[in-house]
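Written out below as structure tokens is the structure these notes cover.
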Amino acid sequence: MATVLITSGPTREFLDPVRFLSNASSGRMGRALAEAFCTAGHRVIVVSGPVAIDYPPQAEIVSVVTTEEMLKACQSIFPDCDGVIGAAAPCDFRPEQMATRKIVKSGTPLTLRLVETPDILASLGMMKRHQWIVGFALETHNARQHALEKIQKKRCDLMVVNRPSAIGSDCSSVEVLDSEGTCLAEWTGTKTDIALRLRELIEQKLLKLSNSVGGG
Ligand code: C5P
């Protein structure tokens, strides 16, 4: 049995103590994946941003708020895992400075200067030894080409390419690419269906790999 790290949900980046940047990720894909892996007897650790859903009771949950917190939690957990699935939608930008007091309206436009947050999967990609990495890529156009760039940047073994309509929905339509960008599968269905199929593919293609490297 494997130990699988799953990132899930959105993160938040605060402008001031009460306002933040975020996105509409619900954590449903992460939950479906956690269920699929727990059901098969794998150990599952979910690092999740703020969500309104419940994860399966067998999964270990680490709750975080910001992208930096998600990064730190993943970096400490990843070395003891067989692989990671990046189902989270971390907030890619944060205000360069967070105001310590609530920003007051002044009647003039407010300019925010944003800086990029760290890429969690890319950072785990730099750390990876025997582990495998599975990413998700949400694309509106040139899906395969953009996904291939992300596969290389994040050192992914598999990339699940989906569409913006997947956000907040129970269903999704995906293509699964391997590390060279070759399409291995196309699936349409509920996130539960897709999670079960992805678990089977990971068990066939990647768990064997990490077991053999680990001497099992
Ligand atoms: O680059 P993009 O956000 O499209 O890549 C999506 C993949 O990268 C997802 O698997 C997501 O969980 C992961 N990601 C990450 N850290 C970020 C942004 C995205 O791990 N800061």
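Numbers for the structure displayed
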quantity: J(HN,Hα) series, region 7-23, from Karplus relation 6.51 cos²θ - 1.76 cosθ + 1.60, nearest Hz, glycine and proline x; calculated: 8, 8, x, x, 10, 10, 10, 7, 8, 8, x, 10, 10, 9, 8, 7, 8
quantity: Per-selection Kirkwood Rh - region 1-132 (Cα, Å, 1 d.p.); calculated: 15.7
quantity: Rg/Rh (Cα only; Kirkwood hydrodynamic radius) as it applies to region 82-216; calculated: 1.09
quantity: Approximate spin-label separation ARG129-GLU186, in nm, with each point projected 7 Å along Cα-to-Cβ; calculated: 4.1
quantity: By average C-beta atoms within 10 angstrom, highest first, the peptides 149-158, 42-51; calculated: 42-51, 149-158
quantity: Peptides ranked, highest mean first, by Cβ atoms within 10 Å: ranges 170-180, 27-37; calculated: 27-37, 170-180
quantity: Intensity falloff of region 126-201 expressed as log10 I(q)/I(0), Debye formula with alpha-carbon point scatterers, at q = 0.13 Å⁻¹; calculated: -0.36
quantity: Dimensionless Rg ratio for region 75-126, taking C-alpha atoms and the 2.2 N^0.38 Å reference; calculated: 1.71
quantity: Å² of accessible area per residue within region 1-134, as computed with a 1.4 Å probe and no ligands counted; calculated: 51
quantity: FRET efficiency estimate (nearest 0.05) - Cβ-Cβ, ASP193 to SER63, R0 35 angstrom; calculated: 0.80
quantity: Ranked by how many other beta carbons lie within 10 Å on average, peptides 76-84, 190-198 from highest; calculated: 190-198, 76-84
quantity: Residue-averaged 222 nm ellipticity for the chain, from DSSP H runs of 4+ at -39500 (n - 2.57), nearest 500; calculated: -8500 deg cm²/dmol
quantity: Approximate spin-label separation ALA99-ARG144, in nm, with each point projected 7 Å along Cα-to-Cβ; calculated: 4.8
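The values are calculated or read from the model by the stated rules, or taken from the named source; none is laboratory data. Computed from a predicted structure; not experimentally measured. A quick note on method: Cβ atoms are made from the backbone with ideal geometry, for glycine too, and the neighbour counts reach across all protein chains shown. Heads up: the accessible areas ignore ligands, DNA and RNA and are worked out on the full protein's heavy atoms, side chains in. Shrake-Rupley method; radii C 1.70, N 1.55, O 1.52, S 1.80 Å.
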